[in-house]
Amino acid sequence: MNPAKTLTRKTLSFLSRRNAIAMSLLAGSIALVAGLLGAQQLTDQTRNPLAGNAAAVAAGKQRFSQTCETCHGQGAQGGRAPALMGRTFTHGAADSDLFQTIRVGVSAAGMPSFSTLATDQTWQLVTYLRSLTAAIGPATPETVPGNAAAGEALFFGSANCSTCHYINSRGGVVGPELSAVGRLPMAALRGKLLNPSVNIYPGVPTQQPTVVVAKSKIPGVKEIRGRHLSDDAFHLLLMDASGTRHRLDKNTLASIETRDESLMPAVRLPETDLTNLIAYLKTLTSRDYTKTIQVDIPGGLGYDRVKNSAAEPQNWLTFWGDYQGHHYSPLTSINASNVGQLQAKWSVQIPGNSILESTPIVVDGIMYTSGMPGEVRALDAKTGLGLWRYTRQQKVVNPAEANRFSRGVAVLGNRVFLGTLDAALIALDARTGQLLWEKQISDTMQGYSLTSPPLAIDGMIITGMGGGEYGIRGFIDAYDPKTGARLWRFYTVPGPGEPGHQTWKSDSWEHGGAATWLTGSYDPESDTLYWATGNPGPDWDWKVREGDDLYSCSVLAMDPNTGKLKWHYQFTPGDSHDWDSTEDMVLVDRMWHGKPRKLLLHADRNGMFYVLDRATGEFLQATNFVKQNWNEGFDAKGRPKVLESSKASTEGAIVAPSVIGGTNFQAPSYSPITGYYYVQTLDFAQRYTLAPEKFEAGKQYKGGGSASFGEPQIGAIKAIDPETGKIVWEFPVSRTSFTAGVLSTAGNVVFAATAEGNLIALDARTGKSLWHYQTGASMSASPMSYSVDGKQFVSISAGNVLYSFGLPE
């Protein structure tokens, strides 16, 4: 999809030439009739009490426009989801079946449940859909003449149909998807081809207008014509016939007119070609996922662009902002001198049963973000207006499930990648939000889940997995971004005969944990993947697994082509405090102790700030950034000297830092301008107790617990100098968390999100407070920054609202 363009004289005069682009086929309102299977009509099990009621039809139509139209189109004639005007339906033809489908949803098709609708409201929807079916009349068998293969060649060839329409994600997205268009009668298809603006079902309310004409106030510019994407009182988003998105300020428009006509001219083909084209279209009865994994989708975010993300400071291309994990923005429009003028520019409600933890991705003016697990939204990054939304119901729910969050998505090419709580990896078409493939990577009933975005590198999607508290065996996977085929798997708990297996006592490795749930970092120059691992299982009862428990609480340097280990470093051997080491691995090239070094910087949950040589894994330095009493230094190879008194015990050992850690998975930030590492910290001790626990598959397996004993919790934002490991400045916060992170920028500003609901701006060199905004809701996410049309924004989630801040116009 082309980036959004502002309204320009050149663009508008081009588009005012109404027939400049030769288009070939169906109007944007073509109906994709859902569920016409020719199956036997079922008998109602439950009678619709509102059947035939004119008032119910009217109420149902209004309810449909509010609830269903976004996907199924106006008049139920199709859009992102199929049309609903069929004589029978895929998931049952009886009124009771329709009622059940609406209330429960169809998880395999990405349709959410609408269980919150009242019974009468659901029956009103059923009554409205039945009124549409009555207008169409019964489906009749048809003999289809023509050569379907020749028609397919025309569609994707000389007829240029695929310039606008897509079938199984192959083609353009100006017009609607035609993967199920063959469910329409031949007469309707022919009518649409020859006269795209005709309403093929006169008895059905008019189809959704496919053309919006916006006339400009700019002298010499006549109008812009395009398909409506989204709008509010101030902005209008259109897609023109070339596939270019336009973001229009309504103050610059003289008029806006919607027309019940097609954006495309009528098809003009010889009769034989027309017959062949219709023959091909009639073969299309449903979206075919064996085809979506074969299609090449051109454009989008290429690997080379992500690798050179510094050349695109306006974008935020990965979970960490770049491959190196810097969580830093090179933008300077918002800086220490003007940040005090920052104001909220837009906000979007993303409802759910837990607060948001997602960090958005921004590519060419489009923001991709996740809400509740299984939900992805594409937004216009300048206005917050919605472009598409994908929802997927969880197919299996573990009764002991925890961590109901989604921390974001990854983008590569024109594909968006998402993990789910029931341990599936999903690829979506970035242009439309349509599902391309779904891969089940493990069993959520064993405790596995995916809560963080994967990492997209050249020809590979790499993901870790969650579930360390459930006695799972951790792993890291790589998948083909086009097909979803698994390329390799590396187990973070070595099995028999593998290096490191001897560090596990007896058969404890089988439930060893070492989950890999947060996104890793990548060095394109050395082609090395850096992925961190969680604590061993059970969390506190170290006696059942006495030893180092490799590769728990470690960073792994890996060859992404093979999944082979290059080196590892273990931060907390045999941990008994739940100190996951999954915090960000920051890759930095800088002078260190007078020499240029390729470093890995890491603030660990165990309270220590580490400096490693990332080429070799050599331990260089570690200093505590909060108080700690679990080790008394490091040996020559960097192994910590663990105090026996710090291990969890039956009596309870008082140890610092707490189970939350000195820091946790919230984003730290590294600024190449100041050379400082910024991190949100939590300083206090807890009592750690072990207790025998029997392993039960799918249930948490902790072997003890931790508890506070009255010590105050001290939270702060701190700046650390990697050269010395010393704290340069700190800014206290009254409520900290293990989720709300920081962002540094080239404008000499550090933005910090807090559990108390404040987004805070600090001077990056001194820590001085420059600005804050109280959102009124707790924050469990990290800020990020991007720009559109030269205007810089800072975005953060608070509660269930996504905010974007910017300077006054």
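The values are calculated or read from the model by the stated rules, or taken from the named source; none is laboratory data. Fair warning: this is a prediction, and the values are worked out from it, not measured in the lab. Cβ coordinates were reconstructed from backbone atoms using ideal geometry, including for glycine residues, and neighbour counts include every protein chain displayed. Note: areas computed on protein heavy atoms with side chains; ligands, DNA, RNA excluded. Shrake-Rupley method; radii C 1.70, N 1.55, O 1.52, S 1.80 Å.
Computed from the alpha carbon positions, the gyration tensor of the stretch 142-201 leads to an equivalent ellipsoid with semi-axes of 18, 15, 11 Å, biggest first.
Peptide packing: for 186-193, 145-152, the average count of neighbouring Cβ atoms within 10 Å per residue gives the ranking 186-193, 145-152, highest mean first. For the chain, dividing the convex hull volume of the Cα atoms by the residue count gives 172 Å³ per residue. Heavy atoms of the protein chains alone define the surface here; on that basis the chain has 37 Å² accessible area per residue at 1.4 Å probe size. The aspartates and glutamates within cross-link reach of LYS250, meaning a Cα-to-Cα straight distance under 20 Å and a gap of 8 or more places when in the same chain, are GLU223, ASP231, ASP232, ASP240, ASP380, ASP789, GLU809.
Shape call for the stretch 520-664 from the C-alpha gyration tensor, a ≥ b ≥ c root eigenvalues: rounded (a/c under 1.5), prolate (a/b greater than b/c) or oblate? Please list the in-between numbers first.
Working: a/c = 2.20, a/b = 1.55, b/c = 1.41.
Verdict is prolate for the stretch 520-664.
Reported to two decimal places, what Rg/Rh ratio describes the stretch 692-809 when computed on Cα atoms with Rh from the Kirkwood expression? Result: Rg/Rh = 1.10. In terms of the Cα gyration tensor, with a ≥ b ≥ c the square roots of its eigenvalues, is the stretch 462-600 rounded because a/c is under 1.5, prolate because a/b exceeds b/c, or oblate? The shape class here is oblate.
Return the carbon/sulfur percentage of the accessible area of the chain, one whole number, probe 1.4 Å, all protein chains in place.
Working: 15180 of 29780 Å².
C and S atoms contribute 51 percent here.
For the chain, return all DSSP H helices satisfying: extent of Cα atoms along own axis at least 24 Å; mean Kyte-Doolittle hydropathy at least -0.5.
Working: long enough: 119-136 (26 Å, 0.16).
Both cut-offs are met by 119-136.
Students often get this wrong, so check it: of LYS637/LYS726; LYS627/LYS699; LYS543/LYS726; LYS217/LYS791; LYS395/LYS699, which have C-alpha atoms separated by over 26 Å? The partial results should precede the final answer.
Numbers: LYS637/LYS726 22 Å; LYS627/LYS699 33 Å; LYS543/LYS726 35 Å; LYS217/LYS791 23 Å; LYS395/LYS699 19 Å.
Going by Cα-Cα distance, LYS627/LYS699; LYS543/LYS726 fall outside the 26 Å limit.
Based on alpha carbons, the Rg and Dmax found for the stretch 363-510 are 16.7, 58 Å. What separates the Cα centres of the stretch 655-713 and the stretch 257-318 is a distance of 47 Å.
Indicate the gyration tensor shape class of the stretch 713-760 (rounded, prolate or oblate), computed on the Cα atoms with a ≥ b ≥ c the square roots of the eigenvalues: a/c under 1.5 is rounded; otherwise a/b larger than b/c is prolate and the rest oblate.
Working: a/c = 2.34, a/b = 1.32, b/c = 1.77.
Cα axes put the stretch 713-760 in the oblate bin.
Our note on the geometry: Cα centres of the stretch 472-492 and the stretch 751-809, 35 Å apart.
Peptides 599-606, 504-511, ordered by how many other C-beta atoms sit within 10 Å of their residues on average, highest first, read 599-606, 504-511.
Remark: the stretch 591-723 is approximated by an ellipsoid whose semi-axes, taken from the C-alpha gyration tensor as √(5λ), come to 31, 17, 15 Å, largest first. Summarising the amide proton neighbourhood of ASN147: residues at separation of 5 or more, or on other chains, whose placed amide H is nearer than 5 Å comprise ASN276.
Sort 247-254, 384-391, 472-479 for me by packing, meaning the mean count of neighbouring Cβ atoms within 10 Å per residue, highest on top. Write out the running numbers ahead of the final one.
Numbers: 247-254: 15.2, 384-391: 19.4, 472-479: 23.4.
Going by the mean number of other Cβ atoms within 10 Å, highest first, we get 472-479, 384-391, 247-254.
The smallest convex shape that holds all Cα atoms of the stretch 249-359, its convex hull, gives 321 Å³ per residue.
For ASP580, nonlocal amide neighbours, meaning residues 5 or more places apart or on other chains whose placed amide H falls under 5 Å from its own, are ASN535.
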